[in-house]
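The values are calculated or read from the model by the stated rules, or taken from the named source; none is laboratory data. Computed from a predicted structure; not experimentally measured. Cβ sites come from the backbone with ideal geometry, for glycine too, and all protein chains shown count toward neighbours. For accessibility, only protein heavy atoms count, side chains too; no ligands or nucleic acids. Shrake-Rupley method; radii C 1.70, N 1.55, O 1.52, S 1.80 Å.
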Amino acid sequence: MTEIDSLRPFAAVLVSAIAIVPILASRGRPNVREFWTILAAVANLGIVASMVPGVLDGNVYVTDFGTFVQGVQFSLQADALGILFGLLASLLWLVTSFYSIGYMRGLDEHDQTRYFAAFAASVSAAVGVAFASNLLVLFVFYELLTVATYPLVAHDETDEARAAGRKYLAYTFGGGVAVLAGAVLVFWMTGTTTFTPGGIADLADADPMFARAAFALLMTGFGVKAALMPLHSWLPDAMVAPTPVSGLLHAVAVVKSGVFGIARVILDVYGPDVVADLGLGLLLASVAAFTLVTASIIALRQDNLKRRLAFSTVSQLSYIVLGLAVLNPMSLVGGLLHIPAHAFMKLTLFFCAGAIHVETHTDDISNMAGIGKRMPLTMTAFGIAALGMAGIPLVAGFVSKYYLLIGTVTAGDVVFTGALLVSGVLNIAYFWPVIYTAFFESPGKADPKPVVENVLGGRYGEADATAGTATDGGRSPDDDSIERDDHGYAPDHEGQGAIDRSEAEAHIRPEHGHDDSLAWEHRRWNGDESTWFMLGPILFAAAGSIVLGIVPGSAVFLRIVRLIVSGVTGVTV
């Protein structure tokens with residue numbers, strides 16, 4: 001491994017942060033504002049991508065600003081693990097930026113300038129998390145990510161959104177305190193918090209009691225954003241945010257920063273050998289296995305599509321944690337590869353949910369019978385991503401879960417193998433009804449949804465019935481600042497695929513917002529179902545899921561993952 005002094009890790013963090021200024025200065029000029037957003041996203045991706053070839057050759061790019069606190073440098077480094085997360089975040093920020101334009105304009109959302117500025121700040125913090133060179137610098141960017149994403153979670157400014165925002169802050173700031181305490185304890189035991197492939201050597205000789213305590217604090221702190229049970233409940237509640245924010249939370253930045261932090265601790269602070277010697281891997285793997293099965297069961301009971309996807313995320317994140325905790329080289333590859341695999345698939349799913357909301361004002365699965373005729377491209381992309389989430393071959397999820405299964409079997413942890421298989425069956429059980437409803441049912445002839453009727457984990461939207469708030473981060477139906485028709489719909493807006501008002505009105509009934517006796521209007525496969533600002537990102541993310549599933553050996557993410565694992569374990573996978 002060769003260290004190269006370079007400003008590129010810092011530039012990757014800085015370019016998104018600098019973009020905040022022209023974005024805010026462009027208030028009232030949406031085209032200019034979104035030009036700066038796209039320009040910053042392209043520049044960010046270009047900087048990160050320029051470091052990939054060097055990292056694959058064994059180089060580490062380092063920006064050192066000197067002493068942060070005594071014994072700790074404030075420095076950024078683009079190593080293999082950092083590039084994995086940094087490349088993913090920068091690539092998907094660009095994709096989500098295009099989608100956000102279509103979504104925010106399509107719903108005529110308020111405070112769009114603040115939204116895009118907070119989005120840029122969030123990606124800057126996420127890249128900082130990726131390129132942090134030690135636990136304290138990681139802690140700083142981890143907390144900045146919380147601050148930057150709060151305005152996005154509370155964007156709707158309703159009572160429900162503010163409550164979700166407060167809960168998000170309480171959980172994530174509490175997790176940050178645990179990370180800081182764990183980092184201080186590691187420094188007290190070893191005199192350093194610098195990430196070292198295979199772990200900090202002095203931890204092997206530290207007092208086991210304190211070493212276990214520091215590990216528990218770090219796992220708790222990062223486990224909040226990784227949504228390990230019982231630290232997960234902020235995540236489903238955050239679904240009140242606009243759908244692009246849900247994609248940011250679930251696929252690009254926030255939750256991935258949690259599992260990334262866990263990966264850093266296991267691989268570069270403790271090392272797999274010390275984690276195994278302390279008996280910590282089995283405990284963490286057990287928590288992950290419980291989470292991935294339980295969250296899948298809860299997902300079965302959610303009728304609101306975004307809330308079902310939220311519990312799916314809780315489950316899928318624990319696949320990553322389980323792979324890391326089993327400590328087998330094959331499971332490590334599976335866990336790390338599931339970071340980009342899940343990102344592409346889950347971003348596709350949330351993008352589809354957002355497009356459905358914008359174009360048809362439909363949020364509940366029980367109201368989607370036959371919607372595949374109205375939105376054929378969108379629902380086809382949804383089906384591809386859903387199959388991948390269930391581990392069906394030729395989509396990204398199959399490859400990462402294959403490595404996970406082989407890793408758990410090789411390690412002799414057949415209980416965890418069973419948990420993975422059970423969760424896979426549950427994935428099919430909660431995704432298939434959505435696909436079946438969309439393509440194989442007709443309004444008026446649909447089976448009751450969801451699969452399990454009794455709600456476990458809360459019923460999404462009950463507060464809306466009394467408070468009058470929107471379920472997808474839009475304006476309140478009682479908001480008099482915008483003229484609406486009798487059903488609460490805003491007028492059509494420039495820059496989007498026009499909402500068919502007659503279609504929307506024909507499908508409304510008071511209790512569900514949909515008339516089961518009428519069929520959806522058929523749309524062709526040429527993209528007239530929505531604006532290409534949304535369809536383009538949906539198809540790109542779905543295509544990425546397929547590429548990772550069909551030619552994983554040619555995908556740069558798998559090459560990076562193999563480099564990480566071989567550097568930590570000395571085993572070539």
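For this structure, a couple of remarks:
- Karplus-derived 3J(HN,Hα), 6.51/-1.76/1.60, for each residue of segment 30-35, Hz, glycine and proline x: x, 5, 5, 4, 6, 4
- Along the axis of the charge dipole computed for the chain (Cβ charges of +1 for Lys and Arg, -1 for Asp and Glu, origin at the Cα centre), the listed residues GLY174, THR437, VAL13 are led at the positive end by VAL13.
- Computed on protein heavy atoms with a 1.4 Å probe, the accessible areas place ILE20, ILE435 in the order ILE20, ILE435, largest first.
- With viscosity 0.890 mPa s and temperature 25 °C, the Kirkwood radius over alpha carbon pairs of the chain converts through Stokes-Einstein to a diffusion coefficient of 104 µm²/s.
- Length available on full extension from ALA204 to ASN31: 0.36 nm per residue minus the Cα-Cα distance, which gives 56.7 nm.
- Its Cα gyration tensor gives segment 1-149 an equivalent ellipsoid. The semi-axes, each the square root of 5 times an eigenvalue, are 29, 16, 12 Å from largest down.
- Relative contact order [Cα under 8 Å, 6+ residues apart], segment 312-420, whole percent: 35
- Taking the 1.4 Å solvent-accessible surface of the chain as the whole, the part contributed by carbon and sulfur is 63%.
- Pairs of lysines in the chain (C-alpha under 25 Å apart; 8 or more residues apart or interchain): 21
- Three-way shape call for segment 81-163 based on the alpha-carbon gyration tensor, with the a/c threshold at 1.5: oblate
- Phi angles of segment 59-65 translate, via the Karplus equation with coefficients 6.51, -1.76, 1.60 and θ = phi - 60°, into HN-Hα couplings of 8, 10, 8, 10, 10, 10, 9 Hz per residue; Gly and Pro are given as x.
- Selected from SER318, VAL547, ALA390, residue furthest toward positive end of dipole (the chain; charges at beta carbon): VAL547
- For segment 261-358, the alpha-carbon coordinates run over 51, 24, 19 Å along the three principal axes, in decreasing order.
- The label point for ASP528 and the one for PHE173, both projected 7 Å from the Cα toward the Cβ, are 5.2 nm apart.
- Residue-span extension gain [VAL409 to VAL184] - 0.36 nm each, minus C-alpha spacing: 77.4 nm
- Taking every DSSP helix (H) stretch of at least 4 residues in the chain, weighting each as -39,500 (n - 2.57) and dividing the sum by the residue count yields a mean residue ellipticity at 222 nm of -21500 deg cm²/dmol.
- 1.4 Å probe accessible area per residue over the chain, in Å²: 34
- Take every Cα pair under 8 Å whose residues are at least 6 apart in sequence, average their separation, divide by the length of the chain, and the relative contact order is 16 percent.
- For PHE440 and LEU282, the FRET efficiency from 1/(1 + (r/R0)^6), where r spans their Cβ atoms and R0 equals 45 Å, is about 0.55.
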